[in-house]
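What follows is a single structure, written as structure tokens, with notes after it.
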Amino acid sequence: MLKKICLVMCLLIATVAHANLYTVHGVSVAAEQESAMAARDIALSEGQVEAFNLLLLQLVGEDAVSQLPSQNKESVAQFVQDVSIEDEKLTATRYSGHITVRFNQNAVAEFFKAHEVPYLAHEAPSLLVIPVYQEGNSVYILDEKNPLYLALKQRPDFAPFYRATLPLGDANELALIEQALRTQQDLSLLAPLLATYQKDNILILRMRTEPLEQSVLIDTSIWPQHGMSSQTVFKRFRSNANLSAEAAQQMIQSVFETMERNWRSENMARLDEARKLYARIPVSSLQEWQNLETEMARWKFVDKVVVRGAYLPQMLVELSFTQSVDELKQTFAEYGWVLTLDFTGPGAALTRGVTYE
């Protein structure tokens with residue numbers, strides 16, 4: 001029973017992660033036409049195009065976007081899963097609001113593969129950033145004397161790829177941070193902050209001056225550390241004694257650009273790797289399952305079939321394949337099966353279809 005629960009939870013977590021990766025939040029929309037409803041239709045359709053362009057930037061990066069054909073209000077519809085609307089405001093002729101657009105993972109992935117553009121396979125972690133500035137023997141954290149803190153405060157979207165934010169820095173938080181930095185860098189003490197701000201990782205962004213060298217050093221440390229080795233950065237910048245917030249912003253941007261490049265280099269989907277689907281197959285008895293196993297052994301169009309769960313009257317199998325999803329569906333149909341994809345994530349239902357002799 002425990003194994004079954006763990007498997008289901010893992011699949012749910014994977015599905016949620018993919019759903020987040022293919023969801024664009026908070027797109028501002030507005031239009032003015034002869035009526036509010038006409039303006040609404042135009043604003044929402046234009047907003048979906050803007051959301052798709054933002055999705056492309058997130059998944060393939062700015063340089064690769066130019067390799068992809070641009071989409072219009074009609075063509076982008078094939079990628080849209082659903083749209084939620086917030087903060088609607090209407091006058092007689094004007095409409096405005098914000099939308100969140102959820103895109104179909106399989107459709108977007110097929111789009112990238114058709115144009116041979118690698119795309120992000122795993123979402124970068126969200127970060128709670130704690131800036132630490134050391135000047136001589138003095139250390140400043142969430143303090144106006146910290147140029148890192150001032151620079152980050154001036155740009156709330158300082159690291160959108162990581163959905164990064166700063167702590168508010170009340171007395172309790174500051175005491176906790178100081179304790180963690182004092183206790184031999186035991187960043188696990190900061191775990192409560194992750195729950196408070198709903199972030200995945202703590203990032204310590206540390207700057208220290210070297211007056212004799214007329215330079216500053218910036219390095220990062222992160223917690224939890226598992227799978228985050230590429231996010232450790234060490235950079236030296238030339239700087240005079242008076243470090244401005246503008247100069248600090250440029251240094252910060254350089255650090256986060258390096259982190260993003262490293263993350264992308266390790267987490268881009270390979271175009272030639274096998275695709276995977278988790279298919280739920282109705283099975284009423286052990287005998288039916290044994291017969292099905294014999295049949296699946298003859299599925300040469302599937303590279304591998306791995307049983308991931310047995311929950312009669314249903315089996316969960318992992319299918320690995322190299323053709324497109326549409327081709328896989330067509331092949332299954334030829335074998336008398338119907339493959340129905342879930343709305344989000346890598347899940348599907350696989351059921352017997354009607355065959356004709």
Quiz item: Can you pull out the residues in segment 183-241 that are in contact (Cβ under 8 Å) with a residue 60 or more places away in the chain, surrounded by fewer than 17 Cβ atoms within 10 Å (Cβ to Cβ) and farther than 14 Å from Ser126 by Cα?
Solution: Arg208
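For Ser75, indicate whether it is closer than 30 Å to Pro224 by Cα and without any contact (Cβ under 8 Å) to a residue 12 or more places away in the chain.
Numbers: closer than 30 Å to Pro224 by Cα: no; without any contact (Cβ under 8 Å) to a residue 12 or more places away in the chain: yes.
For Ser75, the condition - closer than 30 Å to Pro224 by Cα and without any contact (Cβ under 8 Å) to a residue 12 or more places away in the chain - is not met.
Can you find, within segment 318-357, the residue that is nearest to Val80 (Cα to Cα) among those that are among the β-branched types (Val, Ile, Thr) and at pLDDT below 85? I'd like the intermediate steps shown before the answer.
Initially, segment 318-357 is screened for residues among the β-branched types (Val, Ile, Thr), giving 322, 325, 331, 338, 340, 344, 351, 354-355.
Filter again for at pLDDT below 85, leaving 322, 325, 344, 354-355.
On the way: Thr322: 24, Val325: 17, Thr344: 11, Val354: 30, Thr355: 32 Å.
The residue in question is Thr344.
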Exercise. Determine which single condition Ser66 fails, assuming it passes every other condition in (1) at pLDDT 95 or above; (2) surrounded by fewer than 14 Cβ atoms within 10 Å (Cβ to Cβ); (3) closer than 30 Å to Phe321 by Cα.
Key: (1)
Exercise. Can you give me the number of residues within segment 159-181 that are outside any helix (DSSP H, G or I) and either exposed (fewer than 13 other Cβ atoms within 10 Å of the Cβ) or over 29 Å from the mean Cα position of the chain (by Cα) (or both)?
Key: 2
Quiz item: Taking segment 182-239, which residues are among the polar types (S, T, N, Q) and part of a strand (DSSP E or B)?
Solution: Asn201, Thr209, Ser215, Thr220, Ser221
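Somewhere in segment 47-63, is a residue in a helix (DSSP H, G or I) and either more than 21 Å from the chain's Cα centre (by Cα) or among the β-branched types (Val, Ile, Thr) (or both)? Let's see the steps before the verdict.
Our first condition is that a residue be in a helix (DSSP H, G or I); within segment 47-63, this holds for 47-60, 62-63.
Now restrict to residues that are either more than 21 Å from the chain's Cα centre (by Cα) or among the β-branched types (Val, Ile, Thr) (or both): 49, 60.
Yes, that holds for at least one residue.
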Quiz item: So Leu277 clears everything in (1) crowded, with 19+ Cβ neighbours inside 10 Å; (2) within 25 Å of Ser320 (Cβ to Cβ); (3) at pLDDT 90 or above except one condition, right? Which one?
Solution: (3)
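Can you work out which of the residues in segment 84-133 that are part of a strand (DSSP E or B) and among the aromatic types (Phe, Trp, Tyr) is farthest from Ala39 (Cα to Cα)? Break it down stepwise before answering.
Step one: filter segment 84-133 for residues part of a strand (DSSP E or B), giving 84-90, 94-103, 119-120, 127-133.
Still in the list and also among the aromatic types (Phe, Trp, Tyr): 95, 103, 119, 133.
Working: Tyr95: 6, Phe103: 23, Tyr119: 34, Tyr133: 50 Å.
Per the stated criteria, the residue is Tyr133.
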Quiz item: Looking only at segment 22-46, which residues are farther than 24 Å from Met259 by Cα, touching a residue at least 60 places away in the same chain (Cβ under 8 Å) and not in a loop (DSSP other than H, G, I, E, B)?
Solution: Gly26, Val27, Ser28, Val29, Ala30, Ala31, Glu32
Quiz prompt | Identity of the residue in segment 137-158, over 16 Å from Gly169 (Cα atoms) and in contact (Cβ under 8 Å) with a residue 12 or more places away in the chain, that ends up surrounded by the fewest Cβ atoms within 10 Å (Cβ to Cβ) | solution = Arg155
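Could you check, for segment 247-259, whether at least one of its residues is surrounded by fewer than 16 Cβ atoms within 10 Å (Cβ to Cβ), modelled with pLDDT under 90 and out of contact with any strand residue (DSSP E or B) (no Cβ under 6 Å at 6 or more places or on another chain)? Spell out the reasoning first.
Applying the first criterion (surrounded by fewer than 16 Cβ atoms within 10 Å (Cβ to Cβ)) to segment 247-259 yields 250, 253-254, 257.
Within this subset, residues satisfying the condition of being modelled with pLDDT under 90 are none.
No, segment 247-259 contains no residue that is surrounded by fewer than 16 Cβ atoms within 10 Å (Cβ to Cβ), modelled with pLDDT under 90 and out of contact with any strand residue (DSSP E or B) (no Cβ under 6 Å at 6 or more places or on another chain).
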Quiz item: Does Leu120 satisfy the condition of being under 30 Å from Leu205 (Cα atoms), surrounded by 16 or more Cβ atoms within 10 Å (Cβ to Cβ) and modelled with pLDDT of 95 or more?
Solution: no
Exercise. Being at pLDDT 95 or above and surrounded by fewer than 17 Cβ atoms within 10 Å (Cβ to Cβ) is the filter here, so list the residues in segment 96-117 that pass it.
Key: His98, Thr100
Quiz item: in contact with a Gly (Cβ under 6 Å, 6 or more places away or on another chain) and over 26 Å from Pro346 (Cα atoms) - does that describe any residue in segment 58-76?
Solution: no
Quiz item: Exactly one of (1) more than 30 Å from Ala191 (Cβ to Cβ); (2) in contact with a His (Cβ under 8 Å, 6 or more places away or on another chain); (3) touching a residue at least 60 places away in the same chain (Cβ under 8 Å); (4) exposed (fewer than 14 other Cβ atoms within 10 Å of the Cβ) is unmet by Thr93. Its number?
Solution: (2)
Self-check item: Residue count for segment 287-331, restricted to those that are touching a residue at least 24 places away in the same chain (Cβ under 8 Å), more than 15 Å from Arg275 (Cα to Cα) and not in a helix (DSSP H, G or I)
Solution: 9
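The values are calculated or read from the model by the stated rules, or taken from the named source; none is laboratory data. Everything numeric here is computed off the predicted structure, so don't read it as measured data. For neighbour counting, all protein chains shown are included, and Cβ atoms are generated from backbone atoms with ideal geometry for every residue, glycine included.
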